[in-house]
1. With the condition kept exactly as written, say whether any residue in the range 111-122 is closer than 17 Å to residue 30 by Cα, open to solvent by less than 30 Å² (accessible area, probe 1.4 Å) and touching a Leu at 6+ places or on another chain (Cβ under 7 Å).
2. From the residues in the range 134-183 that are within 17 Å of the chain's Cα centre (by Cα) and in a loop (DSSP other than H, G, I, E, B), which one is surrounded by the most Cβ atoms within 10 Å (Cβ to Cβ)?
3. Could you tell me which of the residues 136, 145, 122, 105 is within 19 Å of residue 34 (Cα to Cα), in contact with a helix residue (DSSP H, G or I) (Cβ under 6 Å, 6 or more places away or on another chain), free of Cβ contacts under 8 Å to residues at least 60 places away in the same chain and not hydroxyl-bearing (Ser, Thr, Tyr)?
4. Of the conditions (1) under 30 Å from residue 21 (Cα atoms); (2) among the polar types (S, T, N, Q); (3) open to solvent by less than 40 Å² (accessible area, probe 1.4 Å), residue 106 satisfies every one except a single condition; which number is it?
5. Quick one: count up the residues across the range 79-102 that are part of a loop (DSSP other than H, G, I, E, B) and either without any contact (Cβ under 8 Å) to a residue 24 or more places away in the chain or closer than 13 Å to residue 25 by Cα (or both).
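The values are calculated or read from the model by the stated rules, or taken from the named source; none is laboratory data. Keep in mind that what you see is a predicted model, and the values were worked out from it rather than measured. Positions of Cβ are backbone-derived with ideal geometry, glycine not excepted, and every protein chain shown enters the neighbour counts. Just the protein is used for accessible areas: all its heavy atoms, side chains included, with ligands, DNA and RNA removed. Shrake-Rupley method; radii C 1.70, N 1.55, O 1.52, S 1.80 Å.
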Amino acid sequence: MNMNLSARVLLSLVLATTATAQGKNLLFYGNSFTYYVWGFGVPEMVGLIASEAGHPAPTIIQETAGGATLGFHATDPAQVAAISTALPAGQTWDHVIMQGRGPEATAHGGFDPIDFRNNAVAIATNVRNHSPAASAVMYQTWAMAWGHMYYPVPWPTPMEMHNELRTNHQLAASDISAAFGAG
C-alpha cells in the first residue's frame, strides 16, 4: 500500500470524530516501519495530514524501537509507563496505534500469530486501564517486495504474505473488540 495512502487511511480512522479545539491524543507503538519510512515516520505524516486537512494538531507520542514486537510494547516497563506519564495530568488517550514487527503476525520466522493477537489485546488493556474510552488501531506492516529473502520460502508470493498478515491483524482487531466492545 502506498505510504501516503496508508497515512490517510490511518488518519481517517483516528480523527474521524474530531469536533473540539484540542487535537486527538495518539499513542503509537511500533518499530522502524513506524518511525522511519522514506525520511520520516507514520506519526509525523498523520500529524501533517491532520493539520493540512484543517483538524486541530494531534498530540502524538511515539513509543517505538527498531525491531520491536508488540510483545515488547506490551511488557517493557518503560513502554507501559508511557501510557500514564506521556500526557499532561488529567488527559487521556483517544487512540493507540499498533504496528508489529514485519512477519510477527505470521506463523513464520519463530513468530506465533496467537502471541501477536494476545499482545495486541494486552496493549489495548494497558491503554484502556488509563484511558477507558481509548480505541485501538491495528496498523499492518506490509508484505515485502519480490526479491526479498522471504520468497519463495516461507511464502510463494508477496500476496500470500500479505494475506496472512491481514488475516491475523483482522483477528487481533476482533479479539480487541471482543474484550472491549466494537469500535
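1. yes
2. 143
3. Numbers: 145 fails: in contact with a helix residue (DSSP H, G or I) (Cβ under 6 Å, 6 or more places away or on another chain); 122 fails: within 19 Å of residue 34 (Cα to Cα); 105 fails: free of Cβ contacts under 8 Å to residues at least 60 places away in the same chain.
After ruling out the rest, the residue left standing is 136.
4. The failed condition is (1).
5. Pass one, the range 79-102, residues part of a loop (DSSP other than H, G, I, E, B): 86-94, 99-101.
If we keep only those that are either without any contact (Cβ under 8 Å) to a residue 24 or more places away in the chain or closer than 13 Å to residue 25 by Cα (or both) too, we end up with 86-94.
The qualifying residues number 9.
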